[in-house]
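The values are calculated or read from the model by the stated rules, or taken from the named source; none is laboratory data. These numbers were taken from a predicted model, which means no experiment stands behind them. Heads up, the Cβs are rebuilt from the backbone with ideal geometry, glycines too, and the neighbour counts pull from every protein chain shown.
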Amino acid sequence: MDGVSDQENSIRMPHPLSVELFSARSNKTTKLINNTSAESAVEGKHRWFEYRFEKPVYIQKIEVFGTGYDSWNEVSFEVSHIDGTKHNQEIKFDGSTSRVGIGKLCDSFRFRPDAKLLKSTTIDRVVVTGLTLDEFHAFEWAIKEFEQREKSLQSREAQKTTLIEEISERTKEKSQLASELGKTSAELQQATQQLESTRTTLSSERANAEQLRRTVAELIASRQEQETAIRKNEEKINELTREIRLFPSEIAGFVKEGNRNIYWYTALSIPFIIVIYVVLRALFSGAVDLTQVWREEQDIDIWTVFLTRLPFVIIAFALLEVCGYVVGRLVFEIIKINRQRLNLSKISIIAKDVSTAASHELELTEDERYEKEVQLKMELLREHMKEYVGQEFHYQGTAVQRLAEAFVSKLGPRG
């Protein structure tokens, strides 16, 4: 056993291969093998970094350590096996390392990192983990010897299993004899246990019957509570149904369209309000400046100043008149939309109240009440639309004509 232990200790496991196993050791690329100096790092260009061994070696894995690479950058590996085949694989960086597993005898390999245009990158170190050819053969012989020992151990385990089975059979025979010997005592003990079990079962059944009585009483009480809760929920459902039926009667589509128009009118009025503010600010500022000039300059001709500023004042008042008219018109449209929404809401509320009062003490279902309410609502809405169409919808020309007429009426003489 000591000899076996010494042999196992002499077998080397895969380890980083030294640079002496590589050819062209004076190249910068070869000096990256097991490099620990930052000065020996090589710029990470998008080119092939080639390595060749003096003798074939067993490569377990190849690790490339770099700086400036991201997790999505890859390294292309190409490993040449001694049987003439090649292993090609692209591996992404994990942190600062890109590693590939090989597990074969190889005579050379090379790798090429991704190109980085806007970032500086370097290849800091290359570590090849594996065994020399002699170490690999020693490892192979050790594996074969281990397999032989494993087969021998399995044979001994089989013999051990056979012996255990024989012992088990002898033990079973002994147990059968002991069982037959104590059969009478067991039957007597079984009869005694059955009697005791019968007593225990009877007591348990009595307890179960009492428990069932209590359970039935609890279930009856729970059923009554659930029936009460169901009645309350049905009442709540009926109330919610009545409320839900009232909601659509507010003409949700009209309300939504009215809100959209209000937003548009408000947005359209903002530029005109800004113009009014700017013009008023300019007028007041100019008036203040003119007052200061008149106080400081004693010989100033006030009529000349007044006549020179008269065109600006006329244009300013025209802008104020036009913008004020547009803003007033938009505000009037917003008020009209709100008035129509209030009218529709009043129709819905009146229809609901009238239908509820009219159906009082009548044997009508909820659906019949809802149908009557809808009919009344449509009648009220029809009458409202007749009045609305008669008052609002009459031809006044195109929008441009109406705007021009309103502007002329604003600027014309008033009497």
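The numbered conditions (1) under 60 Å from the mean Cα position of the chain (by Cα); (2) among the hydrophobic types (A, V, I, L, M, F, W, C); (3) at pLDDT below 75 are all true for Val305 except (1). For region 35-76, the set of residues classified as in a loop (DSSP other than H, G, I, E, B), on the phi < 0 side of the Ramachandran plot and within 43 Å of the chain's Cα centre (by Cα) consists of Ala41, Gly44, Lys45, His46, Arg47, Trp48, Tyr69, Asp70, Ser71, Trp72, Asn73, listed by residue number. Only one entry in Val313, Val327, Val331, Val275 is modelled with pLDDT under 80 and part of a helix (DSSP H, G or I), namely Val313. Checking the stated criteria, Glu235 turns out to be surrounded by fewer than 12 Cβ atoms within 10 Å (Cβ to Cβ), assigned to a helix (DSSP H, G or I), modelled with pLDDT of 80 or more and not assigned by TED's automatic domain parsing to the domain that holds Asp367.
In region 161-177, is there at least one residue being surrounded by fewer than 13 Cβ atoms within 10 Å (Cβ to Cβ), at pLDDT 85 or above and within 48 Å of the chain's Cα centre (by Cα)? Scanning region 161-177 turns up no residue that is surrounded by fewer than 13 Cβ atoms within 10 Å (Cβ to Cβ), at pLDDT 85 or above and within 48 Å of the chain's Cα centre (by Cα).
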